[in-house]
Amino acid sequence: MAFSLFGKRETPETPEPEQQPRGLFDRMKQAVTRTRESLASSISSVVALTREVDEASLDDLEFALLASDIGSSTTQQIIANLRDLALRKGISDGAELKRHLKAEILSILRAVDAAKPVIHPSTSPEVIMMVGVNGAGKTTTSGKLAAQFHRDGNTVLLCAADTFRAAAIEQLEVWADRSGVDLIKTKQGGDPSAALYDALAAAKARSTNILLVDTAGRLHTKSDLMKELDKMRRTAEKLIPGAPHQTLLVIDATTGQNGLQQARLFTEAAHVTGIVLTKLDGSAKGGIVVAIAHDLGLPVRYCGVGEKLEDIIPFDANAFVDSLLD
């Protein structure tokens, strides 16, 4: 049964967005173009044409959110909150509904950022372990992050602990050269934990600020490979208490809800602390950011937005929501 949500008008409770550097906003807006277009085409009737928001309007919005891979449980919560707000205070039209939708998404993203802040160690090195399945862009991301940290004035060391994939070490060597940082490696087929041990020892001896560890792209369905990842984590902790200080799971944005399952299983095995979402610029499923935050309590830390060395940006919830629903 349809119900009118005109109700009494009150000032929307949308949080005031913080001022963002224009460059970051522009790059984020470009990155989420396909997701925004997909979402906008689905909810255009709600936002642009609806003069009275009712159950049918909320059904249309629910479909649009699901299509952008925000996920079932996350979508249900958002729609339930909007319905409750409408009944209590009234939502006059599609434009106001859109403002409240932005507030709901931003609330989810801000909550997980507050719950899982990045805590840097008091002494160097900070160890960051990169994990994920083959093809997600893990080695490329490791190289891009190394370059960014180096540009920020840090001393950076890369560890080639992906000793299984053919040419993985050579690929990381290229990224190390382009980034201007040193690389610790072993031969292909060697023990990845041994390579990590050597890199940890080198980072300590050189007083390196950041050690980035590129691990093998292991399938999340292979329990033996996940055990090897856990072994590496324990190796790091023995040599440097508290390490790895961050474990970043690299997810291909184009995989959609499959990325959510990857995140769930990797979190169990590797103590994942954050997400790097690659190929965001090539996907219409960028809503996976919200699903990961809501369902797993994991924040997105960085987004890959292209193939160039500098094509990685820190994730910012305000910029993301503004870009997605401008």
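Projecting the Cα positions of F63, L309, G90 onto the charge dipole of the chain (unit charges on Cβ atoms of Lys, Arg, Asp and Glu, taken about the Cα centre) puts L309 furthest along the positive direction. With contributions of -39500 (n - 2.57) from each DSSP H run of at least four residues, the per-residue ellipticity at 222 nm computed over the chain stands at -16000 deg cm²/dmol.
Partner aspartates and glutamates whose Cα lies under 13 Å from the Cα of K231, excluding those fewer than 8 positions away in the same chain, are identified as D191.
Each residue in K187, K279, K238, K204 was given a count of other beta-carbon atoms within 10 angstrom of its own, and listing them fewest first yields K187, K238, K204, K279.
Taking other residues whose beta carbon is less than 12 angstrom from the beta carbon of L172, and scoring Lys, Arg as +1 and Asp, Glu as -1, yields -1. Given a 10 angstrom Cα cut-off, can you work out which residue in G94, G153, G143 is the most mobile in a GNM of the chain? The residue with the greatest mean-square fluctuation here is G153.
A136: net charge of surrounding residues, Cβ under 9 Å, Lys/Arg +1, Asp/Glu -1, itself excluded? Around A136, the charge tally is +1. Using only alpha-carbon positions in the chain, the gyration tensor eigenvalues give semi-axes of 41, 18, 17 Å once each is multiplied by 5 and square-rooted (largest first). Counting Cα-Cα pairs of the range 22-115 in 5 Å increments starting at 0 gives whole-percent bin shares of 2, 13, 22, 25, 20, 11, 6, 1. Taking label points 7 Å from Cα along the Cα-to-Cβ direction, F63 and D177 give a separation of 5.3 nm.
Values quoted throughout were computed directly from the atomic coordinates according to the rules given, and no laboratory measurement underlies them. From a predicted model like this one, the values you see are computed outputs, not experimental measurements. No Cβ is skipped: glycine too gets one built from the backbone with ideal geometry, and neighbour counts run over all protein chains shown.
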